[in-house]
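Chemist: Dumping the structure here so I can ask a few things about it.
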Amino acid sequence: MIVGETCLTFIHLMKNKKQNRRLDPQLARESELYENPIPSRELILQVMEEHGVPLKKLDLIKILEIQDDEIIFFEKRIRAMERQGQILINRKDVLCISKKINLSSGRVMGHPDGYGFLIPDDEAMDDVFLSPREMSQVFNKDRVMVQVTGQDRRGRLEGKIVEVLERVNKVLVGRVIQGQGVTVVSAEDKRISQDILIPYDLDLNAKTGDVVEVEITTQPSFRSKPMGKVINILGNYSDSGIEIEIALRKHNLPYEFTKEVIEEAQSFDQEVREKDFKGRIDIRDLPLVTIDGETARDFDDAVYAEQKKDSWRLVVAIADVSNYVKETSMLNESAIERGNSVYFPRRVIPMLPEALSNGLCSLNPHVDRLCMVCDMTFDLNGDITKYKFYPSVMNSKARLTYTIVDKILNKNDQTLKKEYEKSYKDLVNLQNLFKLLSKKREKRGAIDFDSTETSIVFNDKGKIDFIKPIYRNEAHRIIEECMLSANVCAANYLLDNPGDGIYRNHETPSEEKLTNLRDFLLDFGLTLGGGSEPTVKDYGEILKKIANRPDSHLLQTVLLRSMQQAAYSSKNLGHFGLAYSAYTHFTSPIRRYPDLMVHRAIKSQLDGKNPKIKNIEAIALHCSTTERTADDATRDVESWLKCYFMQDKVGDSFWGTVAGVTGFGLFIELDDIYIEGLLHVTELGNDYFTFDKARHAMVGEKTNLTYRLGDRLEIKVIRVDLDSIKIDLGLIGSQKKPSKKFKKSFIRAEKSKKKIKRRKKK
């Protein structure tokens with residue numbers, strides 16, 4: 001009976017095959033992308049759905065009337081759909097719809113302890129637990145198809161890997177461990193728990209402790225361990241700069257430009273010529289200056305302010321990178337792959353080759369440079385009344401630093417005043433405009449968290465000498481306000497004109513995070529206003545209330561952690577933290593690709609065109625990802641350096657502050673050296689401790705002893721493990737006492753959670 005129905009269905013589909021291509025729901029999109037469009041993914045899935053049973057590829061080709069010259073492109077689409085997990089090709093070479101056979105596709109996220117999770121492509125689906133046995137056949141970040149088999153003891157979905165869709169890890173970086181009769185490489189990415197076996201004839205004579213690149217020759221499976229061959233010896237684990245070499249490869253960061261890209265960057269005239277002035281407004285007489293850090297080498301913004309009778313004028317000039325990096329160029333391909341520059345301690349991996357980033361595009365003093373200008377007018381209340389964008393040519397009158405400007409404006413440094421007397425009046429104007437904009441910012445309610453950044457000072461061996469805090473002075477904030485104003489104008493310009501644009505969004509906190517935040521604040525006698533939809537002003541009111549409290553750092557940290565991550569998108573969703581209805585990045589095209597896209601869009605609109613950007617949302621997602629990858633890589637490098645620095649401090653005692661609370665212990669930031677270590681839960685005392693996520697605390701079941709974010713503890717360093725980049729701490733003493741009040745609130749919270757769960761079940 002089933003066979004008969006299948007035959008009838010197939011005949012019906014064959015009779016209507018001529019209609020299938022014309023009825024493609026995405027025909028317009030495919031026609032826009034391809035001169036001779038092939039069936040879309042949506043149509044392929046629709047036809048397979050209508051058929052009701054798995055189809056052979058040949059049958060699908062017949063149904064969809066795929067011509068001989070289309071077969072190669074159709075097969076590429078099928079393979080892409082397989083990689084994305086939309087379909088599965090079984091052992092009989094038959095195509096199945098993944099959802100129909102209860103399979104879910106996604107990316108593997110490994111854990112150092114050997115187990116892992118499937119992060120599903122379907123965002124509505126929960127993560128799926130993968131046992132160590134399942135993880136033995138894949139590496140971290142591999143794409144797989146998983147069948148959910150049930151739930152584990154903790155109520156988590158548990159799955160079985162059915163198919164490996166994509167092997168992401170072709171080359172790994174790790175450290176050599178030589179044993180009896182075999183060379184083993186332990187991956188630096190601790191989410192890869194399998195060691196890679198290396199035959200002796202393929203190890204390039206690498207020695208124990210060497211950091212190497214390994215090409216994977218045999219991927220892991222149930223039957224075999226992963227195997228590889230050493231293709232590059234990077235150096236010894238203790239070598240200066242090895243931590244950066246590891247991070248670059250561990251996070252797959254592009255760190256070398258091809259010969260062709262370098263040649264393209266060097267092909268431009270090294271000086272701006274008169275012919276380049278065409279179509280540009282000449283503002284070389286305007287006394288623009290750059291203000292950056294002492295170590296900055298690429299200057300992508302210059303500023304000027306002047307006061308008029310009843311208004312202010314602010315000119316923000318940004319390097320015109322889009323004049324040199326065209327969409328069809330190899331420079332553009334390289335820039336979009338990188339997404340952004342990466343700033344390591346002592347080393348920068350630039351988005352653009354040095355010939356552009358530090359040369360032709362950098363707004364160096366006393367040389368002509370092409371730029372894009374945002375020319376703004378403010379009223380005396382600090383509101384932008386009008387603005388305009390235009391391509392220009394400029395000449396920076398001075399290269400200033402934040403320290404110099406602060407000394408001139410606020411410390412009355414007479415020597416510097418004399419040296420920069422031509423710029424003094426303009427700097428005062430910038431300061432006065434800043435004060436006006438600061439009042440506007442406060443009125444708007446934008447959040448301004450007071451965080452301490454640090455700078456690593458190195459010795460002549462390339463290791464940490466000491467770590468010092470960096471304090472933002474007024475000059476930092478002046479430039480910040482200038483850039484914010486230009487970015488807002490850019491976002492509004494994109495919205496007010498037709499065509500594609502890219503925005504920097506910061507969404508409102510999630511419901512879960514808001515609930516946890518409110519519960520936490522109640523313990524401190526604080527309430528967050530705004531009901532279920534608090535505004536940034538409500539956050540600002542809390543920050544005002546806690547400004548002079550001894551626990552302000554703790555409360556500020558929790559407020560910050562309740563917020564979402566900012567991200568790029570082709571859709572404007574506003575910026576919660578800055579209290580802007582629309583915001584984008586315009587001011588750093590040398591080091592951020594989204595800024596370059598915004599420049600192109602504005603230029604196109606100025607020319608009367610409607611900018612259309614292919615795959616704009618994919619590019620936006622990619623740039624958000626590269627940004628986070630860069631953050632992870634720099635964090636890895638800093639952690640390694642700090643761990644190396646602490647090796648000779650085992651046994652030493654320090655005072656520190658609880659900077660993080662987890663189910664397995666407390667992260668303590670040590671005073672004066674700004675380094676974190678782990679105080680494991682077993683070191684907290686002779687008690688069983690319960691982790692309260694909402695309140696960022698560990699609570700002793702019998703003693704009522706409570707450790708929470710912001711607590712002051714005396715600890716000692718008991719172990720430094722450079723392999724795993726961990727600093728383990730032991731408890732000496734604390735300023736904390738058992739808290740009956742907190743224990744009671746904790747019990748109340750637990751009871752409340754149980755009540756909510758019971759209601760949901762009903």
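The values are calculated or read from the model by the stated rules, or taken from the named source; none is laboratory data. Note that the coordinates shown come from a computational prediction; the quantities given were computed from them, not determined experimentally. For neighbour counting, all protein chains shown are included, and Cβ atoms are generated from backbone atoms with ideal geometry for every residue, glycine included.
Chemist: Can you give me the ranges of the strands (runs of 3 or more DSSP E) entirely in segment 119-214 with at least 1 residues that are out of contact with any Ser or Thr (no Cβ under 8 Å at 6 or more places or on another chain), within 20 Å of ASN252 (Cβ to Cβ) and not aliphatic (A, V, I, L, M)?
Modeler: 157-166, 183-187
Chemist: How many residues does segment 239-260 hold that are crowded, with 18+ Cβ neighbours inside 10 Å and farther than 30 Å from THR208 by Cβ?
Modeler: 1
Chemist: Regarding segment 585-598, can at least one residue be identified that is assigned to a loop (DSSP other than H, G, I, E, B) and in contact with a Cys (Cβ under 6 Å, 6 or more places away or on another chain)?
Modeler: Yes: segment 585-598 contains one or more residues that are assigned to a loop (DSSP other than H, G, I, E, B) and in contact with a Cys (Cβ under 6 Å, 6 or more places away or on another chain).
Chemist: Same structure again: How many residues are over 30 Å from ILE464 (Cβ atoms), of a type in the set (A, V, I, L, M) and assigned to a helix (DSSP H, G or I) when one looks only at segment 609-639?
Modeler: 5
Chemist: Looking at segment 328-344, which of the residues that are surrounded by fewer than 17 Cβ atoms within 10 Å (Cβ to Cβ) and within 22 Å of the chain's Cα centre (by Cα) is nearest to GLU260 (Cα to Cα)?
Modeler: By that ranking, first place goes to GLU333.
Chemist: Search segment 705-733 for residues being in a loop (DSSP other than H, G, I, E, B) and of a type in the set (A, V, I, L, M), and hand back the single one that is surrounded by the fewest Cβ atoms within 10 Å (Cβ to Cβ).
Modeler: Only one residue tops the list, namely LEU722.
Chemist: Kindly provide the set of residues from segment 261-280 that are touching a residue at least 60 places away in the same chain (Cβ under 8 Å) and surrounded by 13 or more Cβ atoms within 10 Å (Cβ to Cβ), ordered by number.
Modeler: Listed by number, the residues that qualify are VAL261, ILE262, GLU264, ALA265, GLN266, PHE268, VAL272, ASP276, PHE277, ARG280.
Chemist: Looking only at segment 712-731, decide whether some residue is among the small types (Gly, Ala, Ser), farther than 22 Å from ASN516 by Cβ and over 34 Å from the mean Cα position of the chain (by Cα).
Modeler: No, every residue in segment 712-731 fails to be among the small types (Gly, Ala, Ser), farther than 22 Å from ASN516 by Cβ and over 34 Å from the mean Cα position of the chain (by Cα).
Chemist: Can I ask one more? Of the conditions (1) surrounded by 16 or more Cβ atoms within 10 Å (Cβ to Cβ); (2) modelled with pLDDT of 95 or more; (3) out of contact with any Lys or Arg (no Cβ under 6 Å at 6 or more places or on another chain), MET351 clears all except one; give me its number.
Modeler: That leaves (3) as the condition not met.
Chemist: What are the residues in segment 79-88 that are within 16 Å of ILE161 (Cβ to Cβ) and either over 30 Å from the mean Cα position of the chain (by Cα) or part of a strand (DSSP E or B) (or both), if any?
Modeler: LEU88
Chemist: Show the residue pairs meeting these rules: Cβ distance below 6 Å; 6+ apart or different chains; first residue within segment 695-718 and not assigned by TED's automatic domain parsing to the domain that holds VAL661; second residue buried (at least 20 other Cβ atoms within 10 Å of the Cβ) and hydrophobic (A, V, I, L, M, F, W, C).
Modeler: Sorted first by the residue in segment 695-718, then by its partner, the list stays empty.
Chemist: Hey, another quick one. Can you list the strands (runs of 3 or more DSSP E) found entirely within segment 315-426 that contain at least 3 residues being under 29 Å from ALA620 (Cα atoms) and assigned by TED's automatic domain parsing to the domain that holds ALA486?
Modeler: Fully inside segment 315-426 and qualifying: 342-344, 347-349, 368-378, 384-395.
Chemist: Moving to a separate point now. Have a look at TYR644, TYR674 and point out the one that is in a helix (DSSP H, G or I) and either in contact (Cβ under 8 Å) with a residue 24 or more places away in the chain or more than 21 Å from GLN556 (Cα to Cα) (or both).
Modeler: One residue alone meets the criteria, TYR644.
Chemist: Restricting attention to segment 685-704, report how many residues are surrounded by 15 or more Cβ atoms within 10 Å (Cβ to Cβ), within 25 Å of ARG561 (Cβ to Cβ) and modelled with pLDDT under 90.
Modeler: The total comes to 5.
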